[in-house]
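Down below is the structure, laid out as structure tokens.
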Amino acid sequence: MAAMTTVPSYTPSLWVRVCHALPRLDLTMQMRDNIFVPDSWEYQQTLLVLSSLSAIALVLSLLVVLSFLIHYCCCHRGDRSEGSEEEEEDEDGSTGHGYGGRKGRGICCVTWVAVAAVTLCCVAIGVGFYGNSEANDGMYQLTSSLLTANYTLASIDLLISDTITGLQLSVSGPLTTMEELFTGSKPFLVSTRNCRRLSENVINLLSSLSLARSSADRGLGNDSSSGSPIAALTPVPPSVAPTMVPAGIMPNPFSPGWAANTLMVNEDYRWLSYVLLLLLDLIVCLFILLGLAKQARWLLILMTVLAWLALFLSWGSLGLETATVVALSDFCSDPNTFVLNSTHFNSGTSSDVLDYYLTCSRRMNSPFQQLLTQSQRALSNIHTHLSGLDRNALPQFPKAEKSLREVQQILNSTEGNFHQLVALLNCRGLNKDYIDSLKGLCYDGMEGLLYLSLYSFLSALAFTAILCSLPGAWRSFPSDSEEYEDSDSESEDPFTSHQARRQTSTGSQRGAMPPFYNYPGAGWTPPFSSAPPLPTPNVSSNGNPGYESLPLTDRQSPPPSYSPSMLTGYGGSQSHPNPAHSRNLYSR
């Protein structure tokens, strides 16, 4: 018992059903049906309304960013006018890392918000790369299925044309020669003419096979007498007509090859555009992190400009993706109905032929079954007549052997082409290509578009948060004067701690304090010192200046050294030393 082969089927996915169930509003805010009719102005209005939601979100994000900019500008000026009391409190409460006090906590919060927004942007970029890859895979499967279907249709046309050409050659060549040779023998002449008539019958049948109408609507032998214009079922083979069609012009009837080439070109541009957009977002995010780490104002200003551009592109791509997702969900929910009712598909092909290949149901008979059966019977009758002529006519007419062998060779090639034609006309091959194209478009393509929509939404939120937090992060960067003072203090004493340098700079801002050695009063004692007050040798008892007032240039030699006993004796003998004697003593 032969194994039953299952026919592939297509069912809409969950995301297709969810997006298809979304309400539709036109420009007059009236509910519309969710039937996919792309040529209808009412349906286009619903897509415009859905895509305009991203424009509203863009306006809201701009208002949020503007409000944050105004808040930071006003609050920064208010902080400057409050004075230095809060700055002293913040500096007293700092721990040496620059994040103490209320101002430090605010700067830390703003910086971490910017880092979190950049992290969210990086996550969105990862989602975007995955969605772009999924959409590209879906479009690749769609175009591959369309090219396979186009190859099948072109092969059908090629087999039909080869078979018709071979039969016409047999009718005009060998069969005509055999009729001339069998003129004296009526039975052989009748058999030859029957072969000629049957060959012409097969030619007419195969010619009608490539027409738009099915065999049930046409009578046998009435094809040549019909005066109505005939449209081909399949496109012209690539060897006969060029594959590329001018952009914007759809061939009539619909050609899968033209659709595949158009989709491949558009998909290349779409994929490249999203890759450039993702790289732009990635560069902006990475350089924002670098600018925050290096505290480079010029780099953050440049990235802020690019962040504005990325914000506009994110909301714009979200609107385009929303309209595309909704339109694709409407098509994928019931694609057979759209194909059967569309004039681009059914103008060159009858509805029963389209229904046969779209559904490929076992309960449906092939619309070409009658034509194929009649052609098979005609070819069998031709083979029977040729066998009789080979058996009975060749002994009497040996000159007819060459023409008879040519006719038999043409008949054998015709039967081989006919069997291949029957296999290609079966609905399983073309239906499989149709189902594969739907799966690529409605499964992978739909999933990729949803991920791209999520990427656009997340990146728009991330860039909105980045633009709101960057002005606050700038306030934590030191100004040029502060950097100059820090560099001077570090160059003066490289061993001074950061806390001491901050206190020194704070003291210089509050007012210069006199050093400890410049305080007036001879008996001043430094704090936390147990040593007695220093003597004042610069003034003597009689008012003359002592040795401390002499410049170093007047001293010719250092004083001599004395032992402790000598100093004791000398101090005891003179209770009131003479300054002149001391000067003479040290000048020896």
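The values are calculated or read from the model by the stated rules, or taken from the named source; none is laboratory data. Remember, predicted model here, so these are calculated numbers, not experimental data. Reconstructed Cβ throughout: ideal geometry from the backbone, glycine too, with neighbour counts over all protein chains shown. For accessibility, only protein heavy atoms count, side chains too; no ligands or nucleic acids. Shrake-Rupley method; radii C 1.70, N 1.55, O 1.52, S 1.80 Å.
Some notes on this structure:
- Sorted peptide list for 327-340, 418-431, 389-402, criterion being average Cβ within 10 angstrom, highest first: 327-340, 418-431, 389-402
- Cβ-defined net charge surrounding T152, 13 Å radius [Lys, Arg +1; Asp, Glu -1]: -1
- In terms of the mean number of neighbouring beta-carbon atoms within 10 Å, the peptides 444-457, 176-189 order highest first as 444-457, 176-189.
- Carbon/sulfur fraction of accessible area - the range 115-187, other protein chains in place, 1.4 Å, %: 65 percent
- Net charge of Cβ neighbours under 14 Å - reference L189; Lys, Arg +1; Asp, Glu -1: +2
- Pairwise label distance in nanometres, Y140 with L320, each label 7 Å out on the Cα-Cβ vector: 2.2 nm
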